[in-house]
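The values are calculated or read from the model by the stated rules, or taken from the named source; none is laboratory data. Note that the structure is predicted; figures quoted are calculated from it, not measured. No Cβ is skipped: glycine too gets one built from the backbone with ideal geometry, and neighbour counts run over all protein chains shown. Just so you know, the surface numbers come from the protein's heavy atoms only, side chains and all, with ligands and any DNA or RNA stripped out. Shrake-Rupley method; radii C 1.70, N 1.55, O 1.52, S 1.80 Å.
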Amino acid sequence: MRFSGWAALRGYSIAVYGFVYLPIMLMGLFSVNSSDMIAFPLTGFTLDWYNQILHDGRIFKGLLTTMAVAFPVTIITTVLGSMAALVLTRHKFKGKTAFLALLVLPFFVPKLIFAIAQVTFLSDVGITKGLYTVWISQSMIILPFVTVIIASVLFRVDKRLEEAAGDLGATPWQTFRRVTLPLMKNGILAGSFISFVLSNAEYTVSYFTSGRAQPLSVLVASDFRFHLSPSLNALAMLIVLFNILVIVISEWFRRRAVQA
Amino acid sequence: MSLKRIDRVRQLTLLALTGPNVLFLAVFCVAPLAVLFSYSFFQVSFVDIVREPTLANYARVLESATYRGLVVKALLYGIGIAAVCSVIAYPLAFFIAKRVRVYKAPLLTLLLIPLYTGDLIRIFAWRVVLGAEGVLNSLLMWLGVIKEPIWVLLFSPFSTVVVLTYNYLPFMVLPLWAAIEAMDDSFLEAAMDLGCRRTATFFKVVLPLTGAGLIAGFMMVFVLVVGDYLTPQLIGGSSGVTVTSAIHDMFGAAFDWPTGSALAWVLLTAMAAFITAAVYLFYKSPWGRGIRRAN
């Protein structure tokens, strides 16, 4: 393309990426700085903060709760998201727009209002808060994301492959089992990994619906509301690194599906 | 299989695929919102909810200059941050879509990573950077650029704007990138060959062709900023009183669920009205040409 400002645009883009990663880089830097204060000048290298986090029993319990939420949420959203993505990309029917609107509704309702609606609903119906109330409310928030990711893969899968299977005498179920499912497998995997990460990160909804069992995000929030410590830096950094790993694996699956 | 049977199988498949989703969303999303709506017509008497329909809560919310101000402030923040994000995101999306070849996928993934790590960690990271005794202030003092810490860096409208922009930037870059990626370069070449200047090319050709991406990004950022309550609370300090935190208070300490739900529904209605109006106006404007053509 004929355009002379590419050099300026490149510099600009690098600056935006700098802005995006600056806070995380600094968090990483100060998670290995020996001073109690999160401030310059640097005083020396240490892994003590990480050591503190790894030996904190409260954090470990929070991590277990987080996992006890994340796995069911991943399963619920992956199954429902795959079904919704199939409908959106493979079927034409009356009321499809309404179905799509219903699916993205949770994204457009502010999280706080959504969480409060859950609380009033639970109190009206008389359900006590517990892990399963977090499963359901988190799934609702995460479902639109998972659906979009799986649908983005299905959109690129050639429909003629499925038509060919049908022409060759495969039943709809056989077509799904032998053709569609293998083709959308990577999309499903990518969606489930992202669901897992989003579940770990979710705070607002978890805070309102969790009751006594508190996931890691809720613990971290109550800690840093009052006091910023380098050990919180270390914990946040561990969470970020773990997320990067999961997201990179997920994106690898998704790109592979799209390219194939 | 007969055609009639194939049709039946197709219908059953459709029902089996949509049914669980519709049921799940109706029971756990629509029903809770409906319950919240019903509360906006109830009243509180001491510690009990009186279930006699009244419009008093709406009257109270709409007559109060404070609540009206909070709703307007939320909408203005939504519009402002969405505008800032679109200005920042456009050149970046353009560069990735039209210039980057090999590293396109990794660059987009790189942009998404902070998004997926969650609001809380991102807000935490910014508190580390912006605090009065934080990284930025201490760096500037250590280097001798300033003598006193700059207080406005944290717990101010300034810090709120910075962090909100940071939080929701990816929601603007992605749809813009998709729209610019889909744009045919030959339109640009043609405009330039016909002697169109660069700014004119941008406003008359590029913007109309990528309008769909812009309005999609704008809507998403707007909705997310209006609904955000963590960022102003943890970053904004005394300026962090928002309509969402007011709603939260009424469901917490104040125990006034009816007024809280009325305020929540006023906010939802205002958001829906703004989005409908914005999308309609954009659709009618010359910049909405791309969307009109796609339909």
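Some points to look at:
- Between the Cα long axis of helix A:216-226 and the first principal axis of chain A there is an angle of about 40°, rounded to the nearest 10.
- Sites listed here are chymotrypsin sites (Phe, Trp or Tyr not before Pro) in the stretch B:54-156 whose DSSP assignment is loop and whose Cβ has at most 11 other Cβ atoms within 10 Å: B:Tyr103.
- Loop-located trypsin sites (Lys or Arg not before Pro) in the stretch A:157-258 (DSSP state other than H, G, I, E, B) with a sparse environment of at most 13 neighbouring Cβ atoms within 10 Å: A:Arg212.
- Couplings 3J(HN,Hα) of the stretch A:156-163, computed from phi: 8, 6, 5, 5, 5, 4, 6, 4 Hz, in residue order, whole Hz [Karplus 6.51 cos²θ - 1.76 cosθ + 1.60, θ = phi - 60°; x for Gly and Pro].
- Mean separation of Cα pairs under 8 Å and 6 or more residues apart, divided by the residue count, gives chain B a relative contact order of 26 percent.
- Cross-link pairs beyond the 22 Å C-alpha cut-off, checked among A:Lys129/B:Lys73; A:Lys92/A:Lys159; B:Lys73/B:Lys204: A:Lys129/B:Lys73; B:Lys73/B:Lys204
- Here each label is just a point 7 Å from Cα along the line to Cβ, and for B:Ala182 and A:Val79 those points are 3.3 nm apart.
- Candidates A:Gln118, A:Gln52, A:Gln214: whichever shows maximal mean-square fluctuation once chain A is modelled as a Gaussian network with Cα springs under 10 Å: A:Gln52
- Sites A:Ser35 and B:Ala190, calculated FRET efficiency, Cβ-Cβ separation with R0 41 Å, nearest 0.05: 0.10
- Considering only A:Ala234, A:Ala117, A:Ala70, the mean-square fluctuation computed in a Gaussian network model of chain A, springs between alpha carbons under 10 angstrom, is largest for A:Ala117.
- For the listed residue pairs A:Lys94/B:Lys104; A:Lys111/B:Lys98; A:Lys185/B:Lys104, the alpha carbons are over 27 angstrom apart in A:Lys94/B:Lys104; A:Lys111/B:Lys98.
- Using R0 = 60 Å, the C-beta based FRET efficiency linking B:Val279 and B:Ala254 works out to 0.95.
- Residue-by-residue Karplus 3J(HN,Hα) for the stretch B:146-163, coefficients 6.51, -1.76, 1.60, Hz, glycine and proline x: 10, 9, 10, x, 7, 5, 5, 5, 10, 6, 9, x, 4, 5, 4, 5, 4, 6
- Using a Gaussian network model of chain A in which every pair of alpha carbons under 10 angstrom is joined by a spring, one finds that among A:Ser195, A:Ser35, A:Ser217 the greatest mean-square fluctuation is at A:Ser35.
- Amide H contacts of A:Phe40 (H built 1.01 Å from N, in plane; Pro and chain starts excluded): B:Ser138, B:Leu139 sit under 5 Å, all sequence-distant by 5 or more or on other chains.
- The protein assembly as shown - percent of accessible surface contributed by carbon and sulfur, probe 1.4 Å: 68 percent
- A cut-off of 5 Å between modelled amide H atoms, ignoring neighbours fewer than 5 places along the same chain, links A:Asn33 with A:Thr46.
- Qualifying trypsin sites (Lys or Arg not before Pro) in the stretch B:62-140, DSSP loop, other Cβ atoms within 10 Å at most 10: B:Arg101
- Rounded to the nearest 10 degrees, the inclination of helix A:181-201 to the longest alpha-carbon principal axis of chain A is 30 degrees.
- With a Förster radius of 25 Å applied to the C-beta separation of A:Ala170 and A:Ala98, the computed FRET efficiency comes to 0.20.
- In terms of its C-alpha gyration tensor, the protein assembly as shown has a rounded overall shape, because the principal axis ratio a/c (a ≥ b ≥ c, square roots of the eigenvalues) stays below 1.5.
- Per-residue ³J(HN,Hα) for the stretch B:241-258, Karplus 6.51 cos²θ - 1.76 cosθ + 1.60, θ = phi - 60°, Hz, x for Gly and Pro: 6, 10, 5, 5, 5, 5, 4, 4, 4, 5, 8, x, 4, 6, 6, 10, 4, x
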